[in-house]
Amino acid sequence: MGKGIKIVTIGGGSSYTPELIEGFIKRYYELPVRELWLVDIEAGREKLEIVGNLAKRMVEKAGVPIEIHLTLDRRQALKDADFVTTQMRVGLLDARVKDERIPLEMGMIGQETNGAGGLFKGLRTIPVLLEITEEMQELCPNAWLINFTNPAGMVTEALLRYSNHKNVIGVCNVPFNMHLSISKMLGVEMERVYIEFAGLNHMLFGLHVYVDDQEVTQKVLEMLGDPDIQMNMKNIAPLPWNTQFLKGLGVVPCPYHRYFYKTKDILEEELEAYKTGKTRAEVVKKLEEELFKLYEDEMLDIKPPQLEKRGGAYYSDAACNVISSIYNDKKDIQVLNVQNKGAIADIDYESAVEVNCMVTKNGPIPLTVGKLPVQIKGLVQQIKSFEILGAEAAVTGSFEKALVALTINPLIPSDDLAEDVLQALLEAHKEYLPLFFKQ
Ligand code: G6P
């Protein structure tokens, strides 16, 4: 990194890219990025141009000497990279519409990171990410892969198990959002709040919450039970929690736990959205159109506030912080998806977990959690099995593995329905799933 840092962003034409640019601009004094390569595919050429030009204007306005390169040539971009971030969506938003609508049509939750939709996003994405890490081995073997592409848990699991590239980290904005919301709820600065996080991606719990040296977990749970106080993401229906349940649970659930603990209520909300053509993917498609219209305006040279209507708000803080901590050997604590290595006693040594880590120049070191409380252990293990089987199905193209992954997922009510939804989604996503259709 002697000549300055080279960063490559795959899926660079995403509407989220201005978030990332803002993150690099804000941190330029500690993270001197020399080159940022935004990479996309032919189908994303137009968006890449639009968002890339906005990125150039943002950098110019900020007066930082970051060179922005736009390319469709991934190999050229990857050559000698220091960090590679991935934020692509295989099949674009149309594939997400199918991931959400097809399960809903059959009466099941339709969501892009869990259940049937989550599995299919994993099946489409994992082979592409494995191709990327193979190219990284050849072109930038020491570079860190910072993956955002969902389902981040299953994807990290697959990379840890099936790729030779070991410098892999999965990142998500949920821990940052939880930390921020809890600090706001308590009325104290974020730096004073420490949360011991443990679990999996979108299956994350705050086991203990501290303000300075005082444990305040119960107080947080009481506040969370107040229907007027929300800790949520823009993409999840803000359904209030059962107060007695929270008290009994004793640990802080993440917004995504509504899918598991309020399945019936979430399903009702989603079915309503299905009927009116307002599933999240459909809402996001409209939002994206608006965002790209804004991005086209040559007078725009900052991240527009409208981007905060997306669920991924603050994702660049998570990505830029981990890159900066590796570069600067900060040894600070961040919540990342990494190999467990014994941090959570109830999960395999080699599996991916989302947990507090100390981030050093040699990468993140997961902090020991020990055993999970009995009330959450079963669900975490169950979803971990779903992720392992899903990852295996993605690399083998095995129908049976995919069927078992689905059937053991708590969001799928029966083996026969699992088979029906599997058949329907395989047909719908055929062009992105060559392994399942090989002769
Ligand atoms: C949350 C999740 C991300 C997800 C995003 C979707 O932030 O943590 O993993 O990608 O929401 O937001 P969207 O606006 O696309 O529905």
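The values are calculated or read from the model by the stated rules, or taken from the named source; none is laboratory data. Keep in mind the model is a prediction, meaning the values are calculated, not measured. All Cβ positions, even for glycine, are placed from backbone atoms using ideal geometry, and neighbour counts span all protein chains on display. Quick note on the areas: whole protein, heavy atoms, side chains included, nothing else; ligands and nucleic acids left out. Shrake-Rupley method; radii C 1.70, N 1.55, O 1.52, S 1.80 Å.
Here are the numbers for this structure:
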read-out	value
Test for residue 154: is it in contact with a Leu (Cβ under 9 Å, 6 or more places away or on another chain) and over 25 Å from residue 17 (Cβ atoms)	no
Any hit, the range 319-331, residues being aliphatic (A, V, I, L, M), open to solvent by 80 Å² or more (accessible area, probe 1.4 Å) and either part of a helix (DSSP H, G or I) or away from the ligand (no atom under 16 Å from the Cβ) (or both)	no
Wholly enclosed helices (runs of 4 or more DSSP H) of the range 62-161 bearing at least 3 residues more than 16 Å from the ligand (Cβ to nearest atom) and among the charged types (D, E, K, R)	115-139
Top-ranked residue of the range 285-299 - restricted to ones that are closer than 17 Å to residue 58 by Cβ and open to solvent by less than 30 Å² (accessible area, probe 1.4 Å), ranked as farthest from the chain's Cα centre (by Cα)	295
Residue in the range 286-297 that is assigned to a loop (DSSP other than H, G, I, E, B), free of Cβ contacts under 8 Å to residues at least 40 places away in the same chain and away from the ligand (no atom under 16 Å from the Cβ) present	yes
Helices (runs of 4 or more DSSP H) (entirely within the range 334-432) containing at least 3 residues that are under 22 Å from the mean Cα position of the chain (by Cα)	374-396, 399-408
Checking residue 313 against (1) more than 16 Å from the ligand (Cβ to nearest atom); (2) under 23 Å from residue 149 (Cβ atoms); (3) at pLDDT below 95, the condition it does not meet	(1)
Conditions (1) in contact with a Lys or Arg (Cβ under 9 Å, 6 or more places away or on another chain); (2) over 27 Å from residue 199 (Cβ atoms); (3) buried (at least 19 other Cβ atoms within 10 Å of the Cβ); number of the one not met by residue 307	(1)
Top-ranked residue in the range 29-61 [being in a loop (DSSP other than H, G, I, E, B) and within 24 Å of the chain's Cα centre (by Cα); ranked as farthest from residue 5 (Cα to Cα)]	41
Hits in the range 204-231 (condition: within 16 Å of the ligand (Cβ to nearest atom) and surrounded by 17 or more Cβ atoms within 10 Å (Cβ to Cβ))	204, 205, 206, 231
The range 204-232, residues that are modelled with pLDDT under 95 and small (Gly, Ala, Ser)	225
Residue count, the range 381-401 (criterion: open to solvent by 40 Å² or more (accessible area, probe 1.4 Å) and among the basic types (Lys, Arg))	1
Scope the range 163-183; condition surrounded by fewer than 22 Cβ atoms within 10 Å (Cβ to Cβ), in contact (Cβ under 8 Å) with a residue 60 or more places away in the chain and either in a strand (DSSP E or B) or away from the ligand (no atom under 16 Å from the Cβ) (or both); matching residues	167
In the range 240-264, residue least open to solvent (accessible area, probe 1.4 Å) [restricted to those that are away from the ligand (no atom under 16 Å from the Cβ) and within 16 Å of residue 411 (Cβ to Cβ)]	262
Answer from 60, 105, 49, 100 - the residue that is farther than 21 Å from residue 143 by Cβ and crowded, with 18+ Cβ neighbours inside 10 Å	100
Options 282, 270: the member that is at pLDDT 95 or above, buried (at least 20 other Cβ atoms within 10 Å of the Cβ), assigned to a helix (DSSP H, G or I) and within 15 Å of the ligand (Cβ to nearest atom)	270
Sole residue being open to solvent by less than 40 Å² (accessible area, probe 1.4 Å) and modelled with pLDDT under 95, chosen from 201, 150, 235	235
Test for residue 132: is it touching a residue at least 40 places away in the same chain (Cβ under 8 Å), buried (at least 18 other Cβ atoms within 10 Å of the Cβ) and touching a Phe, Trp or Tyr at 6+ places or on another chain (Cβ under 8 Å)	no
